[in-house]
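Heads up, the thing below is written out as structure tokens.
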Amino acid sequence: MPREQHGQDASAAPADVQLNHTAVYATDRHLSAEFLATVLGLEVGSPFGPFLPVDLGNGVTLDFYEKRDEPIQSQHYAFLVPDDRFDTMIARLDAVAVAHYADPGHTEPGRINRLFGGRGAYFRDPDGHNMEIMTRPYVRP
């Protein structure tokens, strides 16, 4: 069905559409939100209903939501971070004994990657979400 039939403007540019927030399922929203905020050097916001937000500073919020009645399905979250803060984030992971990896499959422990002229690493959060920090965005065709 054409977009006009759904009340949408067919001429909307991709820049007009932005991610505002997403829910991150966690068995303990406080633990998971604090973990990520600590690694990234951010703060956990005030609860908003059942959500505990971490504001990423670019208008996007990760809203941690407790889900205890079924297993958490692992998701991937990638964060573009300043190059001058990357080493500090790796040190924070090391300080809490959380392994980091150069690859998304977690086969290269204790290493980083140098994709697209930057640096990157992957790590698991308390619920097994595959988190990524990178200093350069991926170059897409």
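The values are calculated or read from the model by the stated rules, or taken from the named source; none is laboratory data. Predicted model, so just to flag it, every value in this text is computed and none were measured. Cβ sites come from the backbone with ideal geometry, for glycine too, and all protein chains shown count toward neighbours. Side chains are part of the model used for accessible areas, which takes the heavy atoms of the whole protein and leaves out ligands, DNA and RNA. Shrake-Rupley method; radii C 1.70, N 1.55, O 1.52, S 1.80 Å.
Before moving on, here are some points about what is shown:
- Checking every one of the trypsin sites (Lys or Arg not before Pro) in the stretch 84-126 against DSSP loop status and a limit of 12 other Cβ atoms within 10 Å picks out R111, R114.
- F116 versus F79: modelled label distance in nm, points set 7 Å from Cα along the beta carbon direction: 1.7
- Surface share of carbon and sulfur [accessible, 1.4 angstrom probe, percent] for the chain: 52
- If the convex hull is drawn through the Cα atoms of the stretch 23-141, its volume per residue in Å³: 117
- Among A121, A91, A102: highest mean-square fluctuation, GNM of the chain, C-alpha pairs under 10 Å: A91
- Charge dipole (debye, nearest 20) of the chain; +1 at Cβ of Lys and Arg, -1 at Cβ of Asp and Glu: 380
- Summed over the residues of the stretch 41-141 and divided among them, the accessible surface reaches 59 Å² per residue at a probe radius of 1.4 Å.
- Note: relative contact order over the chain, using C-alpha pairs below 8 Å and six or more positions apart, is 20 percent.
- If you take all other residues with their beta carbon under 9 Å from the beta carbon of E66, and give Lys and Arg +1 and Asp and Glu -1, the sum is +2.
- Whole-Hz ³J(HN,Hα) from phi, Karplus 6.51 cos²θ - 1.76 cosθ + 1.60, for the stretch 87-93, glycine and proline x: 4, 5, 5, 4, 5, 5, 4
- Remark on H21: its backbone amide H falls under 5 Å from those of T61, a criterion applied only to residues 5 or more positions apart or on other chains, H modelled at 1.01 Å from N.
- When only Cα pairs below 8 angstrom with a gap of at least 6 residues are kept, the stretch 43-102 shows a relative contact order of 16 percent.
- For R92 and N58, the FRET efficiency from 1/(1 + (r/R0)^6), where r spans their Cβ atoms and R0 equals 22 Å, is about 0.60.
- Note that the stretch 11-69 shows a convex hull volume over its alpha carbon atoms of 99 Å³ per residue.
- Between V81 and M134, T135, the built amide H atoms are under 5 Å apart, and every one of these is 5 or more places off in sequence or on another chain.
- A simple rule links phi to the HN-Hα coupling: the Karplus curve 6.51 cos²θ - 1.76 cosθ + 1.60 with θ = phi - 60°, which for the stretch 131-141 gives 8, 9, 10, 8, 9, 9, x, 5, 8, 9, x Hz, with x for Gly and Pro.
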